[in-house]
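Taking it in order: structure first as structure tokens, then the write-up.
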Amino acid sequence: MSQGSGTVEIRGELVRKRYAREELQAEHAKAQALWECARRHEFIAPRPLRVDEAASAIEYERIAGFSALTGPYVREMSTGDLHGRLAAILREVARVLAAIHQDLRLPVTRPWEAPPLLLQGLRRAGDRDGRSATVGPRAVLHGDFGFSNLAVLPSDGPRPRIAVIDPSPNGFTTLRVDLEGPVLVDLALFTSCVEGRIPLRQQPRIRWSALGGLREVFVAAYEGAAGTALDLEALGMLQYATAYAYFSRVYGAGLRREAALALLYNRLKGNRRWWEGRP
Ligand SMILES: Nc1ncnc2c1ncn2[C@@H]1O[C@H](COP(=O)(O)OP(=O)(O)OP(=O)(O)O)[C@@H](O)[C@H]1O
Ligand SMILES: [Mg+2]
């Protein structure tokens, strides 16, 4: 089987992915570090098998059955069994992200800086000086910890088995591969998905009234696993700013961006808690 998705090709048991030449070594170091972290902490990440310098590509082992977390999320959110399987999945994802933040080791890192669109989004959320992008614990970031890079694999054990791929810049909140920065950057990317940053065509099936405490389930599990309390106001603002930066990149600065934001954050979904009460 050969199936292309931009720079990714799946060939039988191998996945081949091309990278910018200047990032190739750093991408490989991080992929290797993620795989080692996964082995230590009981989750799944693709093993990098070979670097092809000439083609500026890395070959990975293919994770059988990898299918983005968006699928189970939409299924459970449309049936409404939120306190069973989806909550268990979110708790396990939180444990995995805390393990990555505690234990993903890179030979060289550089400090994360908030991209301009993210700062613009923070200003919109009411954070004028971008404080939310500076607070809380710091770690080596995954960099693109969203639904499309996570999967739940079949498991015999009591815990869902989580697979994590693609620890690379996402182009809107992270622009380099080897970043060390606030853990809130990864957390906000994930919680913006939990709160509904999923493809438009899948949104009509969702029962938003069920959103309720899902973000809290995830955040509490992360805090428990990491042994730290998070600044929830900063997380909320960063989450909005993450969606703003994402929609800006996908839609530009026009009406479509505004419509997408309004669809994601509105009172009907109970999705405005963190700025309620503000003028
Ligand atoms: N090791 C792997 N095993 C199985 N499937 C994989 C693997 N790596 C990538 N894929 C599949 O290819 C898709 C794209 O891979 P990846 O996320 O690494 O590339 P990308 O171009 O950065 O994508 P995106 O921009 O959507 O994050 C994944 O969503 C997944 O379906
Ligand atoms: Mg991806």
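The values are calculated or read from the model by the stated rules, or taken from the named source; none is laboratory data. Please read these numbers as outputs of a predicted model, since none were measured by experiment. Ideal geometry is used to build each Cβ from the backbone, glycine not excepted, and the neighbour counts take in all protein chains shown.
Which ones in the range 118-168 are at positive phi and more than 16 Å from ligand 2 (Cβ to nearest atom)?
Gly126, Gly130, Gly136, listed by residue number.
Do we find that Ala139 is buried (at least 18 other Cβ atoms within 10 Å of the Cβ) and part of a strand (DSSP E or B) in this structure?
yes
Can you tell me which residue is farthest from Leu119 (Cα to Cα) among those in the range 170-185 that are within 12 Å of ligand 1 (Cβ to nearest atom) and either of a type outside the set (A, V, I, L, M) or touching a His at 6+ places or on another chain (Cβ under 6 Å) (or both)?
Asn170
Checking Tyr19 against (1) under 30 Å from Ala210 (Cβ atoms); (2) within 16 Å of ligand 2 (Cβ to nearest atom), which single condition isn't satisfied?
Condition not satisfied by Tyr19: (1).
Which one of Ala26, Ala94 is touching a residue at least 24 places away in the same chain (Cβ under 8 Å) and touching a helix residue (DSSP H, G or I) at 6+ places or on another chain (Cβ under 7 Å)?
So the residue among Ala26, Ala94 that is touching a residue at least 24 places away in the same chain (Cβ under 8 Å) and touching a helix residue (DSSP H, G or I) at 6+ places or on another chain (Cβ under 7 Å) is Ala94.
In the range 143-157, what count of residues is obtained for those that are more than 9 Å from ligand 1 (Cβ to nearest atom), free of Cβ contacts under 8 Å to residues at least 60 places away in the same chain and within 17 Å of Cys37 (Cα to Cα)? First the steps, then the outcome.
Step one: list which residues in the range 143-157 are more than 9 Å from ligand 1 (Cβ to nearest atom), which gives 143, 145, 147, 150, 152-157.
Then drop every residue that is not free of Cβ contacts under 8 Å to residues at least 60 places away in the same chain, which leaves 143, 145, 155-157.
Next, only the ones that are within 17 Å of Cys37 (Cα to Cα) stay: 143, 145.
Number satisfying all stated conditions: 2.
Residue check: is Ile100 over 25 Å from Thr242 (Cα atoms) and β-branched (Val, Ile, Thr)?
No.
Whether any residue in the range 177-196 is of a type outside the set (Phe, Trp, Tyr), within 16 Å of ligand 2 (Cβ to nearest atom) and more than 29 Å from Asn266 (Cβ to Cβ) is what I want to check.
Yes - at least one qualifying residue is present in the range 177-196.
Could you check Gly4 against (1) modelled with pLDDT of 95 or more; (2) within 15 Å of ligand 2 (Cβ to nearest atom) and say which number it fails?
Unmet condition: (1).
Please enumerate the residues belonging to the range 158-168 that are within 16 Å of ligand 1 (Cβ to nearest atom) and without any contact (Cβ under 8 Å) to a residue 60 or more places away in the chain.
Result: Asp166, single match.
I'm told Gln32 meets every condition in (1) within 15 Å of ligand 2 (Cβ to nearest atom); (2) in contact (Cβ under 8 Å) with a residue 12 or more places away in the chain; (3) not small (Gly, Ala, Ser) except one. Can you identify the failing condition by its number?
That leaves (1) as the condition not met.
On the basis of being over 15 Å from the mean Cα position of the chain (by Cα) and in contact (Cβ under 8 Å) with a residue 24 or more places away in the chain, does Leu230 make the cut? Reasoning before the result, please.
Details: over 15 Å from the mean Cα position of the chain (by Cα): yes; in contact (Cβ under 8 Å) with a residue 24 or more places away in the chain: yes.
Yes; evaluated as a whole, the condition is true for this residue.
To keep it simple, each residue is scored yes or no on (1) under 18 Å from Arg138 (Cβ atoms); (2) in contact with a Ser or Thr (Cβ under 8 Å, 6 or more places away or on another chain); (3) assigned to a helix (DSSP H, G or I).
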{"site": "Arg215", "(1), (2), (3)": "no, yes, yes"}
{"site": "Ala220", "(1), (2), (3)": "no, no, yes"}
{"site": "Gly224", "(1), (2), (3)": "no, no, yes"}
{"site": "Ala234", "(1), (2), (3)": "yes, yes, yes"}
{"site": "Ala243", "(1), (2), (3)": "no, yes, yes"}
{"site": "Phe247", "(1), (2), (3)": "no, no, yes"}
{"site": "Val250", "(1), (2), (3)": "no, no, yes"}
{"site": "Glu258", "(1), (2), (3)": "no, no, yes"}
{"site": "Leu261", "(1), (2), (3)": "no, no, yes"}
